[in-house]
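The values are calculated or read from the model by the stated rules, or taken from the named source; none is laboratory data. None of these values were measured; they are calculated from a predicted model. All Cβ positions, even for glycine, are placed from backbone atoms using ideal geometry, and neighbour counts span all protein chains on display. Side chains included, ligands, DNA and RNA excluded: accessible areas come from the protein's heavy atoms. Shrake-Rupley method; radii C 1.70, N 1.55, O 1.52, S 1.80 Å.
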Amino acid sequence: MHENEQELRRDLAAALRQAAHLGFHEGICNHFSVVVPDGEGRNARQFLINPEGVHWLEMTPDALALCELDREDAGVPEGVEATAFHIHREIHRLVPHATCALHTHMPYATALCLRKDMRLKMASQNALRFYGRVGYETAYGGLALDSDEGRHIGSALSNADVAFLANHGVVAVGPTVAEAFDDLYYLERACQHQILAETGGAELNELDEPTCRAVAEQFATERPAAAERHFAAIKRLLGAPFAA
């Protein structure tokens, strides 16, 4: 196994473990994936994804499944859940910046997806991290048992880093596992703050556009390095083999 793939396996398994510690998981459902670059003795790109039936708290780097990304005739591999394959394969195929894709039904973000107005409102500092970076899939398409629903989800991410899926859940994507996970974490915090603040019908103090743009630009300059530091700390806390 190439060193780069080993590192990606450690990172993706660590993200799954930490997501479960935070309560972002749902049974053995939902899925995280990352593209393994070509040029490592491969004829085509592949992606890693958590296998069916393995709880996120017991995930190890070696347990992750390897799927074909570019082969048109590729079917769902044995041991991989069908919706996981169809959603993540299409996201990776259609969204160039989605090297890593994290899909959850985490509580507060999913709660927003159940509202008629599922907009993430720019009223908290955490929400401003996502100003101009959010997409919405407003029509629920059922279980992704073929590539069509995966393409719909991918289209919501074409110009976004996170997508709210109506009546379903959310997806966060990024160029690295660290950046995608950092966004996933702060997305749930922003949604939690919004829902708590709106409890009882309170009106949010939404910020003006110039402020939103300015703070979003501030976040953009520091986000990649901050995400790496955040994820490095997570791996240290998880210990071996994730901190290897």
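Annotations
- Between helix 209-238 and the chain: long-axis angle, C-alpha atoms, 0 to 90°, nearest 10: 40 degrees
- Counting only Cα atoms, the size of segment 180-244 along its three principal axes is 47, 30, 13 Å, in decreasing order.
- The calculated 222 nm mean residue ellipticity attributable to helices in the chain amounts to -14000 deg cm²/dmol, summing -39500 (n - 2.57) over DSSP H runs of n ≥ 4 and dividing by all residues.
- Taking the three principal axes of the alpha carbon atoms in segment 121-203, the coordinate ranges are 40, 30, 18 Å, sorted in descending order.
- Shown for the chain: the carbon plus sulfur share of the solvent-accessible area, taken with all protein chains present and a 1.4 angstrom probe, equals 49%.
- Rolling a 1.4 Å probe over the heavy atoms of the protein chains gives segment 180-244 an accessible area of 57 Å² per residue.
- Theoretical gain in end-to-end length, residue 228 to residue 195 [0.36 nm per residue, Cα-Cα removed]: 9.1 nm
- Pairwise centroid distance, computed over Cα atoms, of segment 89-132 with segment 177-213, Å: 11 Å
- Label point at residue 73 placed 7 Å out along Cα→Cβ; residues across segment 21-37 whose backbone nitrogen lies under 20 Å: none
- Oblate is the label for segment 87-154. Its Cα gyration tensor axes, ordered a ≥ b ≥ c, give a/c of at least 1.5 and b/c at or above a/b.
- Segment 1-131 - charge dipole about Cα centre, Lys and Arg +1 at Cβ, Asp and Glu -1, debye rounded to 20: 860 debye
- Calculated semi-axes √(5λ) of the Cα gyration tensor in Å (choose from (1) 38, 18, 16; (2) 35, 19, 15; (3) 29, 20, 17), label: (3)
- Working from label points 7 Å from Cα in the Cα-to-Cβ sense, the residue 94 to residue 145 distance is 2.0 nm.
- For segment 66-135, the solvent-accessible area with a 1.4 angstrom probe is 42 square angstrom per residue.
- Calculated on the alpha-carbon coordinates, the convex hull of segment 41-184 measures out at 122 cubic angstrom per residue.
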